[in-house]
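One structure below.
The values are calculated or read from the model by the stated rules, or taken from the named source; none is laboratory data. Being a predicted model, the structure only gives us computed values, none of them experimental. We place every Cβ from the backbone using ideal geometry, glycine too, and count neighbours over all the protein chains shown.
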Amino acid sequence: MIVGPDRLLAELGRYAESGRPPTTRDTFVEALAEAEQLRGADPRSEPAALFFALAKRSRAMGGLAEYFVPDIVRAVAEVLGYEIDADDVVLTIYRARILRGFLRWPEVHAAFAERLRPIGAPEVTAPKRPR
Amino acid sequence: MRTVAETDPTPSPAPASEVRLVPTPDEERVSAALQRRREQRTPAQREAIADAVARYGDDPDRALQAIAEGTHPLQRDLDAAALERSQRLAAAGNALDAMAARSE
C-alpha cells in the first residue's frame, strides 16, 4: 500500500479541529493489513481495498470518516494515476452499506473497477442507438 | 564474513506495524492531494458534510434512508439526474441489504 499507518493517522489529525486523530494507530495497521490482502498483486485494486477496509472502521474515526474516507481514497487513486467517477453521495452509500455488513468486497471491487479511470481519460458514455 | 542482509542491496519494505514518521515520496504526494481536496472544498460542501454528521452520525440506516428520499445534505448540490441516480442506488442498496438480512 502506498500509505502507511503513521501517515494515515497524521492525515486524519489534520481533519480534526483539535489536530488530534480520534483513533489509534492500531486501527490503521489493521485496516492496511486487510486492504493489502484484498488488493493482492493488482495496484489498480488499491483504492477499492483501502476504501473497503477504512469504511468498515468508520466508527473508529467518528464524524471525521465522512470527510476523511472519501478524500484519502481519492488521493491514493490520484497518486496511482486514477480518478474515481463517483460523487461523495455514491461513496457514502457504499460506505453505509459496508458498515451495515451487507456490501462485501467482491461487490465493492466490481463497483470501483467500473468507476476507476485513468486521470484525463474521457467519460464513458452509453453508445447512441442507431436510428 | 558478511551476512546475507549486508550483501543484498535490495531494501525490503517496512512492515505496516513498524513506526515510520518520515513520509515516503508516495505519502508526500498523497498528503499534497489531500491538502488540495481540503482547500477546494467549498463552505457549502463543508456545511453539508457537517450537517450529515450531525443528523446521522454513524447510523448507516438513517443515512441511506435519507439518500433514498433525496433529503441527505450531500445531495444539495446534485443536479436532477445525479439526484435521481443517487436515490435509485440507495433504494436498491436498501432492498438488497434487507433481502440479505432476511436470509441470514
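Taking segment A:77-118 as the search range and keeping residues that are touching a strand residue (DSSP E or B) at 6+ places or on another chain (Cβ under 6 Å) and in a helix (DSSP H, G or I), which one is farthest from the other protein chains (Cβ to nearest Cβ)?
A:Arg115
So which of B:Ser86, B:Ser103, B:Ser12 ends up being out of contact with any strand residue (DSSP E or B) (no Cβ under 9 Å at 6 or more places or on another chain), of a type in the set (S, T, N, Q), at pLDDT 95 or above and more than 27 Å from A:Glu17 (Cα to Cα)?
Result: B:Ser86 is the single residue among B:Ser86, B:Ser103, B:Ser12 that is out of contact with any strand residue (DSSP E or B) (no Cβ under 9 Å at 6 or more places or on another chain), of a type in the set (S, T, N, Q), at pLDDT 95 or above and more than 27 Å from A:Glu17 (Cα to Cα).
State all residues of segment A:1-37 that are in contact (Cβ under 8 Å) with a residue 40 or more places away in the chain and hydroxyl-bearing (Ser, Thr, Tyr); if no residue qualifies, say none.
Answer for segment A:1-37, where residues must be in contact (Cβ under 8 Å) with a residue 40 or more places away in the chain and hydroxyl-bearing (Ser, Thr, Tyr): just A:Tyr15.
Determine which single condition A:Gly62 fails, assuming it passes every other condition in (1) of a type in the set (Gly, Ala, Ser); (2) free of Cβ contacts under 8 Å to residues at least 12 places away in the same chain; (3) surrounded by fewer than 20 Cβ atoms within 10 Å (Cβ to Cβ).
(2)
Only residues that are more than 16 Å from B:Glu27 (Cβ to Cβ), in a helix (DSSP H, G or I) and in contact with a helix residue (DSSP H, G or I) (Cβ under 6 Å, 6 or more places away or on another chain): list them for segment A:12-27, please.
Of everything in segment A:12-27, those that are more than 16 Å from B:Glu27 (Cβ to Cβ), in a helix (DSSP H, G or I) and in contact with a helix residue (DSSP H, G or I) (Cβ under 6 Å, 6 or more places away or on another chain) turn out to be A:Tyr15, A:Thr27.
So which residues in segment A:67-126 are surrounded by fewer than 16 Cβ atoms within 10 Å (Cβ to Cβ), hydrophobic (A, V, I, L, M, F, W, C) and in contact with a Gly (Cβ under 9 Å, 6 or more places away or on another chain), if there are any at all?
Once the filter is applied, which keeps residues that are surrounded by fewer than 16 Cβ atoms within 10 Å (Cβ to Cβ), hydrophobic (A, V, I, L, M, F, W, C) and in contact with a Gly (Cβ under 9 Å, 6 or more places away or on another chain), segment A:67-126 yields only A:Ile119.
What is the residue count in segment A:61-76 for residues that are more than 7 Å from chain B (Cβ to nearest Cβ) and among the aromatic types (Phe, Trp, Tyr)?
Result for segment A:61-76: 1.
Check whether at least one residue in segment A:31-39 is more than 25 Å from B:Arg36 (Cα to Cα) and over 14 Å from the mean Cα position of the chain (by Cα), and report yes or no.
yes
Every residue in segment A:1-11 that is closer than 14 Å to A:Val29 by Cα and in a helix (DSSP H, G or I), please.
Passing the criteria: A:Pro5, A:Asp6, A:Arg7, A:Leu8, A:Leu9, A:Ala10.
For B:Gln65, are the conditions met, namely being surrounded by fewer than 16 Cβ atoms within 10 Å (Cβ to Cβ), in a helix (DSSP H, G or I) and among the polar types (S, T, N, Q)?
Considered against the rule, which asks whether it is surrounded by fewer than 16 Cβ atoms within 10 Å (Cβ to Cβ), in a helix (DSSP H, G or I) and among the polar types (S, T, N, Q), B:Gln65 comes out as no.
Exactly one of these conditions fails for A:Glu36: (1) touching a Leu at 6+ places or on another chain (Cβ under 7 Å); (2) within 8 Å of chain B (Cβ to nearest Cβ). Give me its number.
Of everything listed in (1) touching a Leu at 6+ places or on another chain (Cβ under 7 Å); (2) within 8 Å of chain B (Cβ to nearest Cβ), A:Glu36 misses just condition (1).
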